[in-house]
Amino acid sequence: MRTRNAATNWPAVSAVIAAGIVAAAYVGKLPPAIPLLREEFDLSLVAAGWVNSTFNTLAVTTAVFFGALANRYGALRCCAAGLVALMLGGLLGAAAAGETLLFASRILEGAGFIAIAVSAPALVAAASAARQRNLTLGLWSTYLPFGASLTMLASPLLLGALGWRGFWLVIVLLTLVCLVALWRSQGAYGVARTGAAITLTGMVQALRQPGPWWLALGFGCYTLMFYAIMVWLPTFLGQERGASASAAALLTALVVAINVGGNLLGTWLVHRAAPRGHVISCAFLIGAACSCGIFSPALSDAWRAALCMLLMFAGGTIPAAVLSGSQVYARDANQISSIQGLIVQVAQLGPFFGPPLIAAVVAGTGNWEAARWVLLAAATLGTLFGQLAHRTERALTRPAPC
């Protein structure tokens, strides 16, 4: 993908990353509040899993459509509209008197999240110099674990002081601040600001390539493992290990925060031209090994915590490798949104089906140890998709024979 920027506009890039971080807060706000929501709305374990997964409902079916909208109306407008949808969903959720409105608010928040996820990379790329695009897109990949873990770290204090409704309203106010910051930087986003006419040929050209599909499928395996740990670790610690709600939330936040370190390592590796397919596969192999012991009763709590952290750190290299890969296959900034839409749509199968699947396996077997088979299956498939992505990209970038 070509760019006209001689230098990266770091304030504009930071504004987009901040929007992603606050969007991730809508992901991280739920797991610490699940015990309170289950008590107030009398939710079963499986129902609580679907409250989380409802957030991803639209992404599973319409992320490519959102990418097309970002192409047509501009990534900036799409990202700003996503922030507005997050605020409306947050307000609706905070006012919910029953589980129906709670589910509806999560769908609206999910629409906002997906609008940001598919449009923000195009803004980052448009504000970046060509030589630094792998770096800036890699930094963008930190938005989810950083925002989610920061929200979880703040949850014990804010849930205790304000309750879950007040906590969610604080996040709405932060979203408004990010919307203002994004709009003030609009001049830096170039062609991604205004959009362009959608052509079916252009979309098909971008999405018919196998590379984005392998990246998307691998990312879906990663998100399943990420959300399985993030969503259910507080519940597991409370039910099985007797941890308090505050202690469980803090430990989960620490585990998720370590994922940011993996994101930064992945950013550095890709920026140094490490093959992204190998980065993805190596991370999944480490994750497979860790999955065998995380829920094992034969290991001490210290060992299980260490394995959780190692899985999250190694897995953190995957988003940087995947999300920076869109610019390899895009011919211009607008095609990035289409490819990101595909990646996000397929990837959302992980968080949509993962938490309910884990809950169903645990409820069906009566023990948490059975959850490892779900993680192992995801890691095995992810390793395969990483290698397929490597072969596709290598063939694309291989010099033509003389």
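The values are calculated or read from the model by the stated rules, or taken from the named source; none is laboratory data. Note that the coordinates shown come from a computational prediction; the quantities given were computed from them, not determined experimentally. Positions of Cβ are generated from backbone atoms using ideal geometry, with glycine treated the same way; all protein chains shown enter the neighbour counts. Only protein heavy atoms, including side chains, enter the accessible area calculation; ligands, DNA and RNA are left aside. Shrake-Rupley method; radii C 1.70, N 1.55, O 1.52, S 1.80 Å.
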Using alpha-carbon coordinates, inclination of helix 371-397 to the longest axis of the chain, degrees: 10
Heavy-atom accessible area order for Val180, Val256, largest first, 1.4 Å probe: Val180, Val256
Share of carbon and sulfur in the accessible heavy-atom surface of region 48-189 [1.4 Å probe, %]: 74
Residue-averaged [θ]222 nm for the chain, counting only DSSP H segments that reach four residues, each worth -39500 (n - 2.57): -27500 deg cm²/dmol
His278-Tyr73 pseudo-label distance in nm [points 7 Å out on the Cα-to-Cβ vector]: 4.4
Residues of region 26-177: accessible area per residue with a 1.4 Å probe, Å²: 33
In region 230-329, the chymotrypsin sites (Phe, Trp or Tyr not before Pro) that fall in loop regions by DSSP, at most 14 other Cβ within 10 Å: none
For region 35-184: relative contact order, % (alpha-carbon pairs under 8 angstrom, 6 or more apart): 28
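Of Phe226, Phe353, which has the most accessible area with a 1.4 Å probe, and how do the rest follow in descending order?
Working: Phe226 5, Phe353 105 Å².
Accessible-area ranking of Phe226, Phe353, largest first: Phe353, Phe226.
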Global form of region 70-171, assessed from the alpha-carbon gyration tensor, a/c cut-off 1.5: oblate
Cα long-axis angle, helix 349-365 against the chain (0 to 90 degrees, to the nearest 10): 20
Ala302-Arg391 pseudo-label distance in nm [points 7 Å out on the Cα-to-Cβ vector]: 4.5
Within the chain, longest stretch free of exposed trypsin sites (Lys or Arg not before Pro) [DSSP loop, at most 11 other beta carbons within 10 Å]: 5-207
Inter-site label distance for Thr365 and Val177 at 7 Å from Cα along Cβ, in nm: 4.3
Which of Glu39, Glu99 is most accessible, then next, and so on - probe 1.4 Å: Glu39, Glu99
Relative contact order of the chain, defined on C-alpha pairs under 8 angstrom at six or more residues apart (%): 28
Folded to 0 to 90 degrees: helix 45-54 orientation relative to the chain principal axis, Cα: 20
Share of carbon and sulfur in the accessible heavy-atom surface of region 233-334 [1.4 Å probe, %]: 68
Accessible-area value, Val177, 1.4 Å probe, nucleic acids and ligands omitted, Å²: 100
In Å², nearest 10: area of Trp50 left accessible to a 1.4 Å probe: 90
Accessible area expressed per residue, region 254-402, with surrounding protein chains retained (probe 1.4 Å, Å²): 40
